[in-house]
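Taking it in order: structure first as structure tokens, then the write-up.
The values are calculated or read from the model by the stated rules, or taken from the named source; none is laboratory data. No experiment lies behind these values; they were computed from the predicted model shown. Cβ placement follows ideal geometry from the backbone for every residue including glycine, while neighbour counts extend to all protein chains displayed. Calculation scope for accessible area: heavy atoms of the full protein, side chains included, ligands and nucleic acids excluded. Shrake-Rupley method; radii C 1.70, N 1.55, O 1.52, S 1.80 Å.
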Amino acid sequence: MRLTSFRTRVLVLAIAFSVLLIGSVLITAYFVVSGGMSRVAEDTVLGLSRQAVKLTRDRVVSSQKTAAAEIPESDAASQHRRLTRAQNLFQAALPELFRTGMSEGEFAFYAPGDLSTPEWSTDRRTDTQVETIARERALRLLTSTVSVSGGGSGLSGLFSRAQLGLYTVHVPIDVPDGSRWVLDVTYVPFREEQTIDAIRAPMLVLALVGTALAIAMMQMSMGWVLKLVDELRVAADSIDAGQLDVRLPAEGQHEIGDLARSLNHLIERLRRRADAQTRFIADASHELATPVAGIRGYINILRAWGAEDDAVREEAVRAIDRESRRMARLTTELLSLIRTDEDTTCRRMRVDVNALSREALAAAATRYLDKGLEFEGPEEGPLVAMNDRDKIEEFMHILVDNAAKYTPPGGTVRVQTWRRRDSVVIEVADTGVGIPEKDLPNIFDRFYRSDASRSKETGGFGLGLAIAKRMVEVCGGTIEVKSAVDEGTSFTIRIPREVAASPHRL
Ligand SMILES: Nc1ncnc2c1ncn2[C@@H]1O[C@H](COP(=O)(O)OP(=O)(O)OP(=O)(O)O)[C@@H](O)[C@H]1O
Ligand SMILES: [Mg+2]
């Protein structure tokens, strides 16, 4: 068993937790029982002392009566004799009195001259300092006091025989010779100690069984969790970079199931990304292969007939020029796409969105001069945002270029801008050919062109909108499209008026 393994750690924790919990329950239970037994012992000794005091007082009175009957009181000497006689009668009666009158307990009488040695007692135990002090106190305050001597320490009864100690009540009592003695009534709580001893073994057994059960239950639930984790691990091990169609077992409405589901989502996203990458490479190679094939074809034509026929030569050179331009444009767009993929930071700077829109419109107007399009710009005056100038400029060029490209001669391309709460909204609209509804969800995908034949005519690669969307997102914004075939298209972009001071990261 590895010491650092999860199972070992949980086992150690389980043991510590059970011992702490069950130990504290055990100790509390012990204190409750032993406290209760101590109170029972105290009540018993108080009951005994009341009985003993009554017996003693009766005996004092009866001794005095007998002495008075025997010795008539005539002078001081006879009075003294009578007191002595009464005292003797009292003391002589004590052994019989406590043997027959009391069912349990030990008794002793102490004269005020020496409170540590009894005048008379039923046993021969040695006195403790505590008791002597308690007797002095009883005489001084004329009240009964209770002392406990010889008890074990607080928890001793948990591990060995319980020892509650001797409970003694000290009562001041007037004896027949006129002096005041102290009556000690002592109770040895054997019965109560036996009760405590009797619960010790079951309590310990209960504690051990409880601890074992707690550990076993924790281990069982741990085993179940670890089994699920192990299943996840085995499944995860079988996934390698190239094999992303494996799914982790994601049953059960518990945390491990949730983890598996999250991992499955992650794998799914990775798979989609890997697929997109593969598609991208295939599309890019295909797009590059087409002009390359064209160029090679025209080179062959040049070789075969170029020397004799000027018209053929002229035609081939023009075609090679066109195809190589197309290749150059494609590589530029690919590079731009890769750059936007890598560049996830939005630089915060002052941008006049209206000025940028007008520039984009002016550039398109020059490029599509021969189409006789009408270009409408945003209202006069600036619309300032704190955002990334270069990215806004680039996506505006892409969108305005599309609008002009896909609008037949005589149409209109319009850019409008306005402020809405914390955003700047830009709308690029045209009265062009429109996009069929089925294509709308895909137009932001790389290499997607809504109508292959038409696009071939216009010569696009289907990369512009993918780049534009990415840039809008890096600027912290969103882009939406609305379109109707043969009526026109409008793109609405919302970007924050102020991006966060720190660079915005996707
Ligand atoms: N304003 C628009 N009006 C009509 N169709 C549009 C418009 N903008 C985009 N589209 C459609 O969306 C497709 C994708 O546009 P995108 O700009 O990504 O590629 P492209 O213009 O074909 O090529 P390029 O990579 O040169 O920009 C286009 O082929 C076109 O079919
Ligand atoms: Mg385009």
Legend entry - Check on residue 340, assigned to a helix (DSSP H, G or I) and open to solvent by 80 Å² or more (accessible area, probe 1.4 Å): no
Inset, instruction - For the range 229-238, indicate whether the set of residues that are loosely packed, with under 11 Cβ neighbours inside 10 Å, in contact (Cβ under 8 Å) with a residue 12 or more places away in the chain and over 30 Å from the mean Cα position of the chain (by Cα) is non-empty. - result: no
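Taking the stated definitions as given, is residue 12 of a type in the set (Val, Ile, Thr), open to solvent by 80 Å² or more (accessible area, probe 1.4 Å) and at pLDDT below 90?
Yes, satisfied.
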Inset, instruction - List every residue pair whose Cβ atoms lie under 9 Å apart, where the two residues are 6 or more positions apart in sequence or sit on different chains, the first residue falls within the range 393-405 and is farther than 10 Å from residue 359 by Cα and open to solvent by 10 Å² or more (accessible area, probe 1.4 Å), and the second residue, located anywhere, is β-branched (Val, Ile, Thr) and more than 9 Å from ligand 1 (Cβ to nearest atom). - result: 394/340
Inset, instruction - Collect the residues in the range 38-60 that are open to solvent by 40 Å² or more (accessible area, probe 1.4 Å) and either outside the structural domain of residue 174 (by TED's automatic domain parsing) or under 52 Å from the mean Cα position of the chain (by Cα) (or both), keeping them in residue-number order. - result: 39, 40, 42
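Are any of the residues in the range 175-183 in contact with a helix residue (DSSP H, G or I) (Cβ under 8 Å, 6 or more places away or on another chain), hydroxyl-bearing (Ser, Thr, Tyr) and within 21 Å of residue 56 (Cα to Cα)?
no
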Inset, instruction - Answer yes if at least one residue in the range 186-204 is in contact with a strand residue (DSSP E or B) (Cβ under 8 Å, 6 or more places away or on another chain), among the hydroxyl-bearing types (Ser, Thr, Tyr) and open to solvent by less than 60 Å² (accessible area, probe 1.4 Å), and no otherwise. - result: yes
Legend entry - Selected residue (criterion: farthest from the chain's Cα centre (by Cα)) from residues of the range 360-375 that are on the phi < 0 side of the Ramachandran plot and exposed (fewer than 15 other Cβ atoms within 10 Å of the Cβ): 370
Legend entry - The lone exception for residue 335 - which of (1) surrounded by 15 or more Cβ atoms within 10 Å (Cβ to Cβ); (2) not assigned by TED's automatic domain parsing to the domain that holds residue 482 it fails: (1)
Inset, instruction - Could you tell me whether the range 354-373 includes any residue that is away from ligand 1 (no atom under 13 Å from the Cβ), touching a residue at least 60 places away in the same chain (Cβ under 8 Å) and not in a strand (DSSP E or B)? - result: yes
Inset, instruction - Would you mind stating whether residue 271 is open to solvent by less than 80 Å² (accessible area, probe 1.4 Å) and over 26 Å from residue 460 (Cα atoms)? - result: yes
Legend entry - Selection count, the range 461-479, where residues are away from ligand 1 (no atom under 13 Å from the Cβ), open to solvent by 20 Å² or more (accessible area, probe 1.4 Å) and not small (Gly, Ala, Ser): 2
Legend entry - Single condition residue 243 does not satisfy, out of (1) outside the structural domain of residue 266 (by TED's automatic domain parsing); (2) more than 30 Å from residue 94 (Cβ to Cβ): (1)
Inset, instruction - Among the residues of the range 377-407, write down those that are within 49 Å of the chain's Cα centre (by Cα), more than 23 Å from residue 421 (Cβ to Cβ) and more than 16 Å from ligand 2 (Cβ to nearest atom). - result: 390
Inset, instruction - For residue 318, work out the one condition from (1) open to solvent by 50 Å² or more (accessible area, probe 1.4 Å); (2) in a loop (DSSP other than H, G, I, E, B) it doesn't fulfil. - result: (2)
Inset, instruction - Starting from the range 429-441, take each residue that is on the phi < 0 side of the Ramachandran plot and list its partners that are among the basic types (Lys, Arg) and not in a helix (DSSP H, G or I), counting only C-beta distances under 8 angstrom and pairs at least six apart or across chains. - result: 429/414; 430/414
Legend entry - Residues of the range 86-122 classified as farther than 26 Å from residue 67 by Cβ and either touching a residue at least 24 places away in the same chain (Cβ under 8 Å) or open to solvent by 60 Å² or more (accessible area, probe 1.4 Å) (or both), total: 6
Legend entry - Meets criteria (in contact with a helix residue (DSSP H, G or I) (Cβ under 7 Å, 6 or more places away or on another chain), crowded, with 16+ Cβ neighbours inside 10 Å and at pLDDT below 85) for residue 294: no
Inset, instruction - Of all residues in the range 481-504, count the ones that are among the charged types (D, E, K, R), surrounded by 15 or more Cβ atoms within 10 Å (Cβ to Cβ) and modelled with pLDDT of 95 or more. - result: 1
Legend entry - Condition check for residue 288: open to solvent by less than 30 Å² (accessible area, probe 1.4 Å), over 30 Å from residue 416 (Cβ atoms), aliphatic (A, V, I, L, M) and out of contact with any Lys or Arg (no Cβ under 9 Å at 6 or more places or on another chain): no
